[in-house]
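Presented below is the structure to which this report refers.
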Amino acid sequence: MMIMPDHERFDTSHPDLCPSLRWKGQFISTEHDPTVPPTNDGLFWCIHTQTCIGPDGDLAEPGNCKHSGRSCHGCK
């Protein structure tokens with residue numbers, strides 16, 4: 001099993017990111033400050049399960065939720 005580097009695992013700017021993924025950084029409305037290091041705390045959840053596990057039983061985080069082939073990707 002190949003381990004994904006953190007900069008890919010926690011990249012919330014991927015264009016195919018599932019719209020059901022949430023993270024606390026979405027709700028902070030401040031200008032980007034390059035002097036403040038990123039927290040990368042990994043606090044992600046799925047709006048359908050309200051947990052860190054998606055409907056398919058896999059982790060809800062950007063590295064896993066950027067693939068439109070995932071069975072729950074964009075589920076309504």
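Which one of these is assigned to a loop (DSSP other than H, G, I, E, B) and under 11 Å from the mean Cα position of the chain (by Cα): P55, P62, P15, P34?
Working: P55 fails: under 11 Å from the mean Cα position of the chain (by Cα); P15 fails: under 11 Å from the mean Cα position of the chain (by Cα); P34 fails: under 11 Å from the mean Cα position of the chain (by Cα).
Being assigned to a loop (DSSP other than H, G, I, E, B) and under 11 Å from the mean Cα position of the chain (by Cα) holds for just one of P55, P62, P15, P34, which is P62.
Among the residues of the range 12-68, just one is under 23 Å from M2 (Cα atoms) and of a type in the set (K, R), namely K66.
Let's see how each residue does on (1) assigned to a loop (DSSP other than H, G, I, E, B); (2) surrounded by 14 or more Cβ atoms within 10 Å (Cβ to Cβ); (3) modelled with pLDDT of 90 or more:
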| residue | (1), (2), (3) |
| --- | --- |
| M1 | yes, no, no |
| P19 | yes, no, yes |
| Q26 | no, no, no |
| P38 | yes, no, no |
| S68 | yes, no, no |
| S71 | yes, no, yes |
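The values are calculated or read from the model by the stated rules, or taken from the named source; none is laboratory data. All values reported here derive from a predicted model rather than from experimental measurement. Ideal geometry is used to build each Cβ from the backbone, glycine not excepted, and the neighbour counts take in all protein chains shown.
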